[in-house]
Structures are given as structure tokens and as C-alpha cells.
Amino acid sequence: MELLAVEAAGRGMSVRAAEEPGLAGPAYWYGGPVAGARLADRLGLALLEPADGWLAELPEEFTGRQVRAGTVADAWAIDRPTFVKPPRDKSFPADVYADGSRLSSALDPATPVLLSDVVTFAAEYRLFLLDGRIATASRYAVFGRLDPRPLGADREDRATAAEITDFVERLAAAAGHTLPSAVVVDVGQLLDQYRPGHRWAAVEANMAWFSHAYAADPARVLDVVLRAAGPREHVRPRDLAFERR
């Protein structure tokens, strides 16, 4: 967040904390969804985000695994290891649950969740997309361990960047209309025990205004954030359906 604040200040923008008194619009937002929703009307913000069930509605060609949308009540009923996560807010830890009894009984049973097959990602990358194209990107994990690195940093990585770009182009052609014009999509190298090597798959989609930049270019990250969480009067018609309500 500090790097984005420095970049914004360099553009002549005033950077202020949400708790500061006297905040007024027009404004842009980078921060949590609860505070963002609380301030949206006062600041005239339109917070763009992908639909909760976006990943579950993608063809398996892009997910590489079975994913379904459900509720916490559905998650309580699972009887085999399943990866369970909240699609937008961090209401409980995203993790592999051996069965439904491992999920907290204190959760609201109506809370939306995504349930997916358990798979192994050799490496995961965060992509900041603007109009269906990669504005900037960063690796963020290797075999589940945090390991940020700019995408395309060396010759081998440039080959990876080319593969990711090809995957994103195919994804955008098939499902670009199901995402806001400014969004974050995480993708990963999915290991398949039945095939040599790896294939690319979508990990999830997130709000750009609530996504860690890792080692991505702060200037290009800010470009995406400004589109994803700015004055309501600047929202493009195609993005109206993605405004957080």
C-alpha cells in the first residue's frame, strides 16, 4: 500500500486514511471492503468487483478442476477433502478442509463459499488486468509458500510470461465479458499427475482495490485500482453490473 501511496502522491493526488475526518468526494479507494462499503455513498465511489460465482461458472478448460458455488451450509456437508474459500470477504481462512466438521460452526450458514477439488499449484501469479489485458503482474507463491517476484525478470521467466499472456488472451476471449474492465485475476501452474509438465488455470478473481501488489509495478497497479474504485460518474456502462452493492 505504501508504494501505491507514493505513486499516487507523485501524480499530485492527496493520500488520506479512511479514519481521517472531513473526507469528501470525488475520491478513489484502496483498502478493505467493509470500510469501502461504508464510505462509498459519502465519497461517491463505485467499487468494481467480480461476481461471487465467477470461478464456478468458468469452463473447466480454464479452471483445471471442478469448482462450485455454495454456502457455508453446503461446506458443512462435505465428506471428503475440499478446498473451501469465501469468494470475496475474508470471513474464514481459505484452506483444504478434510470434511465439513472442520469448518467453524459459528459461521452464518448462508455465507457464500466456493468449493473446489484439491489440486497442486507449482507457482501462482497475480495479474492486474485492464480491459482484458495484463497491465502488470507478479509471482506471489511457489508450492503455496509466499515468494513474490516480478513477472518477466529473466529469460526463463519471459517464457512463463508469454504462456500466461496466451492463457489470459484465451480467457478474455471466452469470458472477458464476465469480469469488470479493471480486476485482478490470479493464475497458476497446475500440476497434473496424469500429464507431464503443467497447464495454466485460473486460481480466483479479486477486487483490484483490495489486492496486494506483491512485486508488480506500482504505477500500473495504480492505473488498475483507479479504474476499479473511483468516482461513480466515471464508471463505464459495461462496468455498471459489477458495482458492489
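The values are calculated or read from the model by the stated rules, or taken from the named source; none is laboratory data. Small disclaimer: the values here were computed from a predicted structure and weren't measured. Here Cβ is always computed from backbone atoms with ideal geometry, including for glycine, and neighbour counts include all displayed protein chains. When the accessible area is computed, the model is the full protein with side chains, heavy atoms only, and any ligands, DNA or RNA have been set aside. Shrake-Rupley method; radii C 1.70, N 1.55, O 1.52, S 1.80 Å.
Distances between placed amide hydrogens fall under 5 Å for V183 paired with L129, all partners being 5 or more residues away or on another chain.
Counting only protein heavy atoms, what percent of the accessible surface of the chain is carbon or sulfur at a 1.4 Å probe? Summing carbon and sulfur atoms, their accessible area is 53 percent of the total for the chain. Taking a Cβ cut-off of under 10 Å around A94, the surrounding Lys, Arg, Asp and Glu residues balance to a net charge of 0, with basic ones at +1 and acidic ones at -1. Once the Cβ-Cβ distance of L191 and E61 is raised to the sixth power relative to R0 = 25 Å, the FRET efficiency obtained is 0.90. Over the chain, dividing the summed -39,500 (n - 2.57) contributions of all DSSP H runs of at least 4 residues by the number of residues returns a 222 nm mean residue ellipticity of -7500 deg cm²/dmol.
Net charge dipole, the chain: roughly 280 debye, given to the nearest 20, about the Cα centre with Cβ charges of +1 for Lys and Arg and -1 for Asp and Glu. Rolling a 1.4 Å probe across the protein heavy atoms gives region 60-155 an accessible surface of 53 Å² per residue. If you bin all the Cα-Cα distances of region 1-130 at 10 Å, starting from zero, the percentages per bin are 10, 31, 27, 22, 9, 0. By the Stokes-Einstein formula, at 0.692 mPa s and 37 °C, the chain with its Kirkwood radius over alpha-carbon pairs has D equal to 173 µm²/s.
List the longest stretch of the chain that has no exposed loop site; here a site is one of the chymotrypsin sites (Phe, Trp or Tyr not before Pro) assigned by DSSP to anything other than H, G, I, E or B, with at most 12 other Cβ within 10 Å. The longest uninterrupted stretch comes out as 1-142. Sequentially through region 18-35, phi angles give Karplus couplings (6.51, -1.76, 1.60; θ = phi - 60°) of 4, 7, 5, x, x, 5, 8, x, x, 8, 10, 10, 9, x, x, x, 5, 5 Hz, Gly and Pro residues having no value and appearing as x. For T120, the residues whose modelled amide H falls within less than 5 Å of its own, excluding neighbours fewer than 5 places apart on the same chain, are L191.
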